[in-house]
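Derivation of every value follows stated rules applied to the coordinates shown; laboratory data play no part. Keep in mind that this is a model prediction, so the values were computed, not measured. Heads up, the Cβs are rebuilt from the backbone with ideal geometry, glycines too, and the neighbour counts pull from every protein chain shown.
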Amino acid sequence: MLTPLEKIADGIRKKFDVKEEAREKALSSSRQALKSSTSAVRALHREEYNLADDLLSQAKIYLEECKMTLKDHPDIFYAGFVHDAQKEYAEAIITQALILDKELPSPEELGVEYNAFLNGLGEAIGELRRRSLDLLRVGKIKKAEEFLKTMDDMFYILASFGYPEAITRGLRRTTDVARSIMEKTRGDLTTALCQNELQQAIKGLDEKMG
């Protein structure tokens with residue numbers, strides 16, 4: 001026969017068993033969501049847009065599974081790994097919208113937490129840098145300038161959220177990294193503009209001399 005304390009311990013153990021099972025299931029789903037989102041970003045840079053759509057649809061399903069699995073376990077839901085998966089998903093969706101010139105969805109439309117959305121927005125600045133460099137390589141300077149302006153707008157929005165880290169979940173660091181990325185991109189764009197002006201001047205001189 002169990003003692004009163006053993007009965008209490010047995011009850012707690014059963015609750016923990018359920019919680020552990022939910023955690024493991026949600027952890028697996030979040031990993032799949034993160035993997036699909038990362039692959040979607042790679043597909044976007046390769047201009048494999050249909051593949052990116054499919055991968056993002058998969059990621060959304062996995063994130064919804066996480067929510068359902070952890071609906072009775074908010075302590076696990078907010079432990080960190082779901083946030084990371086949501087952040088990666090938000091980054092991919094935002095990158096897709098900006099590259100394809102679509103309207104940005106809201107956190108509610110994506111089904112992600114506000115802090116995950118903002119951190120995803122910050123990390124999308126890095127993806128826009130990559131896109132801008134790709135454009136500079138093929139001489140599309142004006143389009144690269146447009147992306148830099150978009151990056152500026154995103155950065156100043158992020159910088160306006162002066163809330164504690166406990167609320168924003170690492171947004172300050174994300175914003176600092178975004179600032180560094182923007183300055184590097186601005187330098188690359190300035191160099192490309194100077195080179196382009198020099199080439200045009202040389203071309204004009206050649207035409208006059210010719």
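Net charge near Tyr114: determine it from the other residues with C-beta under 10 Å of the C-beta of Tyr114, scoring Lys and Arg +1 and Asp and Glu -1. Kindly include the intermediate steps, with their values, before the conclusion.
Numbers: positive: Arg169; negative: Glu108, Glu113.
Charge balance near Tyr114 sits at -1.
Figure the gain on full extension for Ser180 and Ile141 (residue separation times 0.36 nm, minus the Cα-Cα span) and round it to one decimal in nm.
Roughly 12.0 nm would be gained on extension.
Please identify every one of the GluC sites (Glu not before Pro) in the stretch 151-198 that sits in a loop by DSSP and has no more than 15 other beta carbons within 10 Å of its own beta carbon. Don't skip to the answer; put the middle values down first.
Values: sites: Glu165, Glu183, Glu197; in loops: none.
In loop regions of the stretch 151-198 (DSSP not H, G, I, E or B), there are no sparsely surrounded GluC sites (Glu not before Pro).
So how much slack lies between Tyr163 and Glu48, counting 0.36 nm per residue of separation and subtracting their Cα-Cα distance, in nm?
Length gained between Tyr163 and Glu48: 37.6 nm.
Which residue, chosen from Ser106, Thr69, Val41, occupies the Cα position most advanced towards the positive end of the dipole of the chain, where the dipole is computed from +1 (Lys, Arg) and -1 (Asp, Glu) charges on Cβ about the Cα centre?
Most positive-ward Cα: Val41.
How much length is gained on full extension from Leu104 to Lys7, taking 0.36 nm per residue of separation minus their Cα-Cα distance? It would help to have the intermediate numbers written out before the result.
Working: separation 97, 0.36 × 97 = 34.92 nm, distance 5.31 nm.
Length gained, Leu104 through Lys7: 29.6 nm.
How many lysine pairs does the stretch 1-111 hold where the Cα atoms are under 15 Å apart and the two sit 8 or more places apart or on different chains?
Within the stretch 1-111, the lysine pair count is 10.
I need the calculated FRET efficiency for the pair Phe16 and Lys67, taking r as the beta carbon distance and R₀ as 22 Å, to the nearest 0.05.
Efficiency for this residue pair is about 0.55.
Per the Cauchy relation, a quarter of the hull surface: what is the mean projected area of the convex hull of the alpha carbons in the chain, in nm²?
For the Cα atoms of the chain, the hull's average projected area reads 15.0 nm².
Report the relative contact order of the chain, percent, no decimals, based on alpha-carbon pairs under 8 angstrom and at least 6 residues apart.
That works out to 16 percent.
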